[in-house]
1. What distance in nm separates the simple spin-label points at residue 78 and residue 62, each placed 7 Å from Cα in the Cβ direction?
2. Roughly how many percent of the accessible protein surface of segment 1-116 is carbon and sulfur, given a 1.4 Å probe and a whole-percent answer?
3. Kindly provide the pair-distance distribution of segment 16-59 built from C-alpha pairs, with 5 Å bins from 0 and whole-percent values in order of increasing distance.
4. Dimensions of the chain along principal axes (Cα, Å, largest first)?
5. For the chain, report the accessible area per residue in Å² (1.4 Å probe, heavy atoms, rounded to an integer).
6. Peptides 83-90, 129-136, 57-64: what's the order by average Cβ count within 10 Å, highest mean first?
7. Using only helices, what value at 222 nm comes out for the chain when you add -39,500 (n - 2.57) per DSSP H run of length 4 or more and divide by the total residues, to the nearest 500 deg cm²/dmol?
8. If you take the C-alpha gyration tensor of segment 158-220, multiply each eigenvalue by 5 and take the square root, what semi-axes do you get, largest first, in whole Å?
Amino acid sequence: MNLVLIGPQGSGKGTQAEKLVDQFNLAYVSMGNLLRALKATDSPLAQKVASYIDKGLLVPDEVIVEVLNNHLSAIGRLDGIIFDGFPRVVSQAEYFEKFLSEKNQKIDMVIYLTLDKNEIIKRLTNRRTCRQCGRVYNLLTNPPKKEGICDVCGGELIVRDDETPQAIENRLKEFEEKTLPVVEYYRQKGILEEVDGARPIDVIFEDIVERLKKRHLING
Ligand code: AMP
């Protein structure tokens, strides 16, 4: 099965993706992580990507499509994947649908994690990300065992460049204007599951698992 996770920043997409990957042996494709890795390289494309990400603006489709294609070739599979942060605009969703169908693949379920604006801002101001492996922590709800240090790889925990108040504001606007239409696109197709992201991590995960069962994507 292929899954897509959509939600505003801070809604817990990465956290749920990590749990789904562990439980169902999926490959994880995070467009944000791929773009941040690209941003860290020394190239003109890296500078272009940084100029969008750091302001909280969406990166143009042609860059996204190239990064996606390269990554999918590298992982060598088109099934058993969870996509986090892609597609984020309707043009990407349309491109992706065609791309997958040409290879006899499809998206089976789209998980839309909802969260209201106040909660988003509260979460983001408490968010720390590992500089090395990209794992995300929340100082209030999901703190690291040792302050400032990643539990998994020992890397330094930082505040992301795009978590300044202005960038947060831009990202929320981009989500409302460009990504909410993607939610409607998948709702129309009958593959959307809207999940309340304001609950504890494990409760949300159980809810997602129930919906996978209901759609016969897993046994049980
Ligand atoms: P994320 O880690 O998913 O919050 O993504 C961080 C940033 O990467 C976003 O604010 C965008 O600037 C960029 N980005 C990630 N995914 C996409 C996408 N599918 N299309 C355009 N820009 C993206």
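1. Roughly 2.4 nm, to one decimal.
2. C and S fraction of accessible area: 50 percent.
3. Going out from 0 Å in 5 Å bins, segment 16-59 shows 5, 22, 23, 15, 11, 13, 9, 2 percent.
4. On the principal axes, the chain reaches 42, 41, 32 Å in Cα extent.
5. Averaged over the residues of the chain, the accessible area is 51 Å².
6. Put in order of decreasing packing, that is 83-90, 129-136, 57-64.
7. About -14000 deg cm²/dmol.
8. Taking √(5λ) for each Cα gyration eigenvalue gives 29, 18, 8 Å.
The values are calculated or read from the model by the stated rules, or taken from the named source; none is laboratory data. Keep in mind the model is a prediction, meaning the values are calculated, not measured. Please note: Cβ atoms are built from the backbone with ideal geometry, for glycine as well, and neighbour counts cover all protein chains shown. All accessible areas refer to the heavy atoms of the entire protein, side chains included, with ligands and DNA or RNA removed. Shrake-Rupley method; radii C 1.70, N 1.55, O 1.52, S 1.80 Å.
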